[in-house]
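The block underneath contains the structure these notes are about, expressed in structure tokens.
The values are calculated or read from the model by the stated rules, or taken from the named source; none is laboratory data. Remember, predicted model here, so these are calculated numbers, not experimental data. Positions of Cβ are backbone-derived with ideal geometry, glycine not excepted, and every protein chain shown enters the neighbour counts.
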């Protein structure tokens with residue numbers, strides 16, 4: 001069942017004022033960054049999730065005041081939390097449904113995970129940095145999000161034990177599309193990921209699997225942290241042929 005996670009409870013008047021401020025920040029984020037001209041996020045369930053999930057809970061305390069700003073933020077270990085628009089854009093492009101099981105590569109702070117968790121039945125999310133996997137797990141549990149399993153491991157090889165998945169979201173950029181992820185995508189399923197490197201450029205790519213045929217769309221130029229680990233993170237930027 002999808003979850004609607006609450007913000008962290010506060011007992012003091014200062015805490016209540018802070019909650020109200022963050023709520024106002026979320027409303028402004030949705031209005032000014034997601035639905036404004038040139039952005040055009042329109043999916044009602046995605047907008048509702050973005051308006052509910054307490055993003056400030058997923059950033060380091062020194063950056064809490066910037067949590068809803070229109071830019072990424074550092075979360076330690078040379079990783080970042082994506083800007084709100086990118087989170088909403090990838091979520092909308094994935095078109096998650098309430099009965100879906102999702103594989104996420106690159107848990108990071110857990111914010112994208114929390115947004116997805118409010119929209120689908122179950123998520124398996126993989127994080128190669130053990131400290132980030134631990135902190136994301138703690139945050140998700142504290143917020144009452146129970147339909148997520150965090151696996152501290154290399155995401156290049158996916159999580160075959162729970163495959164196939166209806167949707168796969170990759171939050172870090174390999175130079176080529178990892179073939180194990182395509183193998184673990186259900187027939188009729190959809191995957192979204194950034195592909196390429198920072199020097200030559202990255203594109204956000206949406207793939208749909210129809211039997212042996214893979215439809216590929218390049219939807220947005222982006223800048224993501226590189227995918228690390230073994231297997232498919234390096235090498236030439238290649239992927240499935242385009243089938244319109």
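Candidates in segment 171-183 are the residues that are closer than 13 Å to residue 90 by Cβ and out of contact with any helix residue (DSSP H, G or I) (no Cβ under 7 Å at 6 or more places or on another chain); of these, the one that is surrounded by the fewest Cβ atoms within 10 Å (Cβ to Cβ) is 172. No other residue among 145, 192 is in a loop (DSSP other than H, G, I, E, B), modelled with pLDDT of 95 or more, within 16 Å of the chain's Cα centre (by Cα) and at negative phi apart from 145. Residues in segment 74-95 include at least one that is at positive phi and within 16 Å of the chain's Cα centre (by Cα).
Comparison of 45, 39, 26 shows that the only residue that is surrounded by 13 or more Cβ atoms within 10 Å (Cβ to Cβ) and part of a loop (DSSP other than H, G, I, E, B) is 39. Would segment 124-139 turn up any residue that is crowded, with 23+ Cβ neighbours inside 10 Å, touching a residue at least 24 places away in the same chain (Cβ under 8 Å), in contact with a strand residue (DSSP E or B) (Cβ under 9 Å, 6 or more places away or on another chain) and in a helix (DSSP H, G or I)? Yes; the residues of segment 124-139 include at least one that is crowded, with 23+ Cβ neighbours inside 10 Å, touching a residue at least 24 places away in the same chain (Cβ under 8 Å), in contact with a strand residue (DSSP E or B) (Cβ under 9 Å, 6 or more places away or on another chain) and in a helix (DSSP H, G or I). Screening residue 116 with (1) assigned to a helix (DSSP H, G or I); (2) surrounded by fewer than 18 Cβ atoms within 10 Å (Cβ to Cβ) gives one miss only, at (2).
Within segment 198-223, being closer than 16 Å to residue 106 by Cβ and surrounded by 13 or more Cβ atoms within 10 Å (Cβ to Cβ) holds for 202, 204, 205, 222, 223. Hey, does segment 220-227 have a residue that's free of Cβ contacts under 8 Å to residues at least 24 places away in the same chain and not in a strand (DSSP E or B)? No, every residue in segment 220-227 fails to be free of Cβ contacts under 8 Å to residues at least 24 places away in the same chain and not in a strand (DSSP E or B).
Inspection of segment 92-101 finds a residue satisfying the criterion of being surrounded by 22 or more Cβ atoms within 10 Å (Cβ to Cβ) and either free of Cβ contacts under 8 Å to residues at least 60 places away in the same chain or in a helix (DSSP H, G or I) (or both).
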